[in-house]
Amino acid sequence: MPLTRKPIPSPNYSSRGGATVRLIVLHTAEGATTIESLGSYFAASSTQASSHVGIDDTNNTVGEYVQRSGKAWTQSNANPVCVSAELCAFAKWTSTDWSKHQTMLDNTAKWIAEEAKYFGLPITKLTAQQAQGSGKGVCQHSDLGAWGGGHWDCGGSFPINDVIASAKTYAGGGQPQEDDLGYPDWYFQWRAWYYNTDRSSPRPASAPADIPDWAWEAGDKDLSFATNHGMSAGERSWIDWYENGKQGPRPNVPQTIPDLWWNDQAWAAKR
């Protein structure tokens, strides 16, 4: 079901000047706790700020302040290439705080899916370098650095990976998206966590509670292949990072990937 977009127009917008949208950007409002109160704030011309939408805990609903074609005023010099959402939340929130706002997070995932479809963008979490370069996808305000005004929202505890995983599910019509070889995205996240870490970090939320037999078999085969072929820990980490859509920091491996690694990656992916 598409989101209901409640119009609360803001006068604080301008032309994109021909720029093409390439970034879906998430912010925290740092004050307003409802889409209506945020809309009232943006409705004043003296505010000199706006966002395309606001998101709170109202089921399947967002507030719409600036239409997609307009340039909202919320991330400084980055405004022309961004479509933005203000979550009625605070960057200081802990993981526990965020967990109390599942409807808000769900609305955010749906909004990302709808914007990605409208603008033809991938639902991919960008690094700060990618966001400030020429990358296309999803990022937080903090990823824009000084170019975007130097803010730190949505904060270190914001569950960006979970939100993006949910957005991919909505983009796939309610079913988890699969890679070209038939594996769902959660498999690569779970495999990297289970086989390449000590599992002290949180278990990927996108993975099902009961891992299916095919995933265990695929994971064991990949591990056996890596062991038998003498892969280094660095190569195994790089393959997992690469197959997981290059999410998170790039492993500390050579900038120029050896040809053998690419061969190993292709074989592992087919498993």
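When the residues of segment 15-37 are filtered to those that are touching a Cys at 6+ places or on another chain (Cβ under 6 Å) and hydrophobic (A, V, I, L, M, F, W, C), which remaining residue is farthest from Ala72 (Cα to Cα)?
Going through the qualifying residues, I end up with Ala32.
Quick grid of which residues meet (1) under 16 Å from Thr28 (Cβ atoms); (2) crowded, with 16+ Cβ neighbours inside 10 Å:
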residue: Gln67; (1), (2): no, no
residue: Gly70; (1), (2): no, yes
residue: Glu86; (1), (2): yes, yes
residue: Ala89; (1), (2): yes, yes
residue: Lys92; (1), (2): yes, no
residue: Ser95; (1), (2): yes, no
residue: Met104; (1), (2): yes, yes
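Pull out all pairs, ordered by first then second residue, where Cβ-Cβ is under 7 Å, the residues are six or more apart or on different chains, the first lies in segment 190-210 and is surrounded by 12 or more Cβ atoms within 10 Å (Cβ to Cβ), and the second is among the β-branched types (Val, Ile, Thr).
Trp190/Ile211
What number of residues in segment 26-57 are part of a loop (DSSP other than H, G, I, E, B) and either without any contact (Cβ under 8 Å) to a residue 40 or more places away in the chain or not acidic (Asp, Glu) (or both)?
Residues that pass the stated criteria total 11.
Would you check if there is a residue in segment 121-133 being farther than 18 Å from Ile160 by Cβ, part of a loop (DSSP other than H, G, I, E, B) and at pLDDT below 95?
Within segment 121-133 (the criterion being farther than 18 Å from Ile160 by Cβ, part of a loop (DSSP other than H, G, I, E, B) and at pLDDT below 95), the answer is yes, since at least one residue qualifies.
I'm trying to understand the selection: among the residues of segment 24-65, which are under 15 Å from Tyr13 (Cβ atoms), under 23 Å from the mean Cα position of the chain (by Cα) and surrounded by fewer than 24 Cβ atoms within 10 Å (Cβ to Cβ)?
The one that is under 15 Å from Tyr13 (Cβ atoms), under 23 Å from the mean Cα position of the chain (by Cα) and surrounded by fewer than 24 Cβ atoms within 10 Å (Cβ to Cβ): Glu64.
Take Ala167 and decide whether it is touching a residue at least 24 places away in the same chain (Cβ under 8 Å), part of a helix (DSSP H, G or I), closer than 21 Å to Gly248 by Cβ and not assigned by TED's automatic domain parsing to the domain that holds Ser201.
Yes; evaluated as a whole, the condition is true for this residue.
The values are calculated or read from the model by the stated rules, or taken from the named source; none is laboratory data. Computed from a predicted model, the values in this text were never measured in an experiment. Every residue, glycine as well, gets a Cβ built from its backbone with ideal geometry; the counts of neighbours run over all protein chains shown.
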